[in-house]
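A.B. asks: Before I ask anything, let me first share the structure, which is written out below as structure tokens.
The values are calculated or read from the model by the stated rules, or taken from the named source; none is laboratory data. Bear in mind the structure is a predicted one, so any value in this text is a computation, not a measurement. All Cβ positions, glycine included, derive from the backbone under ideal geometry; neighbour counts span all protein chains shown.
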Amino acid sequence: MARTDVVGDIERSGRPAEVPAIEISGLTKVYGASETKAVDNVSLSVPPGTVFGFLGPNGAGKTTTIKILAGLLSATSGQVRLNGLDVARQRAAAMEQFGAVLEGSRNTYWTLSAMQNLVYFGRLQGMRTSEARSRAEELLRDLDLWDRRDEKVGGYSRGMQQKVAVAASLIADPPIVLLDEPTIGLDVEATRTVKDWIRTLSKDRGKTILLTTHQMDVVEELCDRVAVIRRGQVVTDLPTDQLLARSRQRDKYEIRIDGTGDGLVLPEGFTAVSGEETTLISGRLEDPQDLYPVVDRLREYGAVIEWMAQVQPDLEDVFLDLIREPAR
Amino acid sequence: MTTLTTTTNRPGAPVRASRSRLSTWANGFGNEVHKGWLGLIGGWRGTLIQMAMFAIFYLLVVLFIGRGQLRTDLLITGLLGMVPLTFIHEQVNRAFWSYLGDIQSGTLEQTYLTPLPSWVLLLGRQVAAIIGALPYAAAVYVTGLITISAHGASMPSDVRVLVPLAAIVVGTSGLALILCGLTLVYKRVEVATQISIALWFIAGGTFVPLINMPTWAASLSRAIIPIAPGIEAMREILLKGRSLTGLQDGWGLGWVIIQPLLILLIGVLVFTRFERVAMRRGTLGRY
């Protein structure tokens, strides 16, 4: 039986609701003879239709996990399933389940036009030329690239190139889309466009999106759920609102004082950023009453408080806290 | 706001129609060949310049060997060596750079995100490289024919040379596979590629027939250089009037056929092995 039929059966039969779109179980990757684990027993489950933020600092194991997920790298142990299909053992069928924009790569051929690229990547996904052309036309019109479809992609702006890369990942209309740093290098307008696509793909089309980015505002705005990886291990995996709420159990305070703050000994957990004339002190407190000793210390130092505020931590604060905390 | 169209709102219009595995593979193979073709015609100016350069190179070599004269005998024997050399140079380089170029640009990983088996794409890239190499070999051949005619002679022809020619195509494809496989893991293998091409020029019997070389050197060339047995066979058929079964200078028809098949087999094994290593080490898209 043809491979496409196998996948067709799965799609037609209706996937049971409990089958995750992406399921990573006990994934470990050790490079070469070194004992260092780039990915260490990572397990994640992404329900269908979710925008899943997969975050981590550079070198945390994020790219390694993504490459294993995309079938570009073999795992030392563990398993990755896309819509229930094992990437290592059922590669062909699993590959039909997703499209990807990979970080740091061109993703498309710059010597070919946008239309040629989309037709090429469509056929690479098993589409006939006529099918790929028809789908490419839809995407290029949607992305306002139709008038420039026959120009070489190398001559496009960075934002337009990224649009073509996203279009290429959607050419076969896969249920899962992997977007690795899709807004990197884009200007404000192009970033807004990409964010709109992601929202449309997820909310209106029910696609599962795995998103990695260092732009926390993008994550906070779009992701239903966030996992953070650090030193090869997942340190948190929570719905975005829960993650923010958990962090907000400890409020963040900011105090601006006059002067550079030389010689000021800060209370534990507080940091200071000195400017030319003022210093911004910030830190987290579980109980607002704990603010009194901080103020007392500033008074003893002789600082003049210019301004003080309680600040809601955003996802960037949460992320920084998570990657600084000892691994759990 | 941008509106994205997906097939979910186009019932009855599946993006991927169901079809047989063979048909899907054939489509994927054709896709790679088509991409190679687009690359060739997209850089047509460069193609024309290179075609002229190879033709000039051929004439210059004959001129130097002939001590300042374009001797007819050298034009004919040299042409039989230069056409395969041009072919191997272009075929190997095109196949090799289709990988290294994609690795450098970061596009290679994207081409692996496919339900198609990688050997289908590999085969497509190889055929695209063969098609891409043909205009250069043809340019040298036509230049040779015109120059030889201008000297009042004619280039012998015999349909039986198609056998050694096909053997050369198979052998160079094997060599290209070896180098493509190596570059998936060792990114600086480019230097080895250039050196190997130079080696084929010197030791492949291109201008100096193998029978004029020391026995050990001729044996080594016949054993490992993909174009050597083919060139030797073509010279015997066209210049000495021998039949395919009557080849005497080298190791016979059997070796003309077996040697490229062995190189192809080694190429397939090396590529498969190194592709697996690249996927284990994560070097598929790393340069």
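A.B. asks: Being within 19 Å of A:S157 (Cβ to Cβ), touching a residue at least 24 places away in the same chain (Cβ under 8 Å) and at the interface with chain B (Cβ under 8 Å from one of its Cβ atoms) is the filter here; which residues of the stretch A:103-124 pass it?
C.D. replies: Answer for the stretch A:103-124, where residues must be within 19 Å of A:S157 (Cβ to Cβ), touching a residue at least 24 places away in the same chain (Cβ under 8 Å) and at the interface with chain B (Cβ under 8 Å from one of its Cβ atoms): A:G104, A:R106, A:N107, A:T108, A:Y109, A:W110, A:T111, A:L112.
A.B. asks: Given the criterion farther than 27 Å from A:G26 by Cα and assigned to a loop (DSSP other than H, G, I, E, B), identify the matching residue among A:E276, A:E254.
C.D. replies: On inspection, the qualifying residue turns out to be A:E276.
A.B. asks: Here's a follow-up. Please verify whether the stretch B:10-24 includes one or more residues that are more than 7 Å from chain A (Cβ to nearest Cβ), closer than 21 Å to B:Q126 by Cβ and modelled with pLDDT of 50 or more.
C.D. replies: Yes; the residues of the stretch B:10-24 include at least one that is more than 7 Å from chain A (Cβ to nearest Cβ), closer than 21 Å to B:Q126 by Cβ and modelled with pLDDT of 50 or more.
A.B. asks: For A:A100, state whether it is touching a residue at least 24 places away in the same chain (Cβ under 8 Å), touching a helix residue (DSSP H, G or I) at 6+ places or on another chain (Cβ under 9 Å) and more than 7 Å from chain B (Cβ to nearest Cβ).
C.D. replies: The answer is no for A:A100.
A.B. asks: Something else about it: Which ones in the stretch B:174-200 are part of a helix (DSSP H, G or I) and in contact with a Leu (Cβ under 6 Å, 6 or more places away or on another chain)?
C.D. replies: Within the stretch B:174-200, B:G174, B:T183, B:T193 qualify.
A.B. asks: Across the stretch A:65-97, what is the total count of residues that are closer than 23 Å to A:T36 by Cα, facing another protein chain (nearest Cβ under 9 Å) and free of Cβ contacts under 8 Å to residues at least 40 places away in the same chain?
C.D. replies: 4
A.B. asks: Let me ask something else about it. Quick one: would you say B:L63 is surrounded by fewer than 19 Cβ atoms within 10 Å (Cβ to Cβ) and either among the aromatic types (F, W, Y) or part of a helix (DSSP H, G or I) (or both)?
C.D. replies: The answer is yes for B:L63.
A.B. asks: Within the stretch A:38-64, work out how many residues are surrounded by fewer than 18 Cβ atoms within 10 Å (Cβ to Cβ), on the phi > 0 side of the Ramachandran plot and within 14 Å of chain B (Cβ to nearest Cβ).
C.D. replies: Here the count works out to 2.
Yes/no per residue for (1) crowded, with 20+ Cβ neighbours inside 10 Å; (2) touching a Cys at 6+ places or on another chain (Cβ under 6 Å); (3) outside any helix (DSSP H, G or I):
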{"site": "B:P115", "(1), (2), (3)": "yes, no, yes"}
{"site": "B:A129", "(1), (2), (3)": "yes, no, no"}
{"site": "B:L134", "(1), (2), (3)": "no, no, no"}
{"site": "B:A137", "(1), (2), (3)": "yes, no, no"}
{"site": "B:T143", "(1), (2), (3)": "yes, no, no"}
{"site": "B:I146", "(1), (2), (3)": "no, no, no"}
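A.B. asks: Can I ask one more? Test A:M127 against the stated conditions and say whether it is under 30 Å from A:D147 (Cβ atoms), in a loop (DSSP other than H, G, I, E, B) and either of a type in the set (A, V, I, L, M) or at the interface with chain B (Cβ under 10 Å from one of its Cβ atoms) (or both).
C.D. replies: yes
A.B. asks: Can I ask one more? Taking the stretch B:237-268, which residues are exposed (fewer than 14 other Cβ atoms within 10 Å of the Cβ), free of Cβ contacts under 8 Å to residues at least 40 places away in the same chain and in a helix (DSSP H, G or I)?
C.D. replies: B:T245, B:G246, B:G254
A.B. asks: Those residues that are at pLDDT below 85 and crowded, with 18+ Cβ neighbours inside 10 Å, I need them from the stretch A:286-301; list them, please.
C.D. replies: Answer for the stretch A:286-301, where residues must be at pLDDT below 85 and crowded, with 18+ Cβ neighbours inside 10 Å: there is none.
A.B. asks: Also, quick follow-up: For the stretch A:130-169, give me the residue count where each residue is buried (at least 23 other Cβ atoms within 10 Å of the Cβ), at the interface with chain B (Cβ under 8 Å from one of its Cβ atoms) and either without any contact (Cβ under 8 Å) to a residue 12 or more places away in the chain or under 24 Å from the mean Cα position of the chain (by Cα) (or both).
C.D. replies: 2
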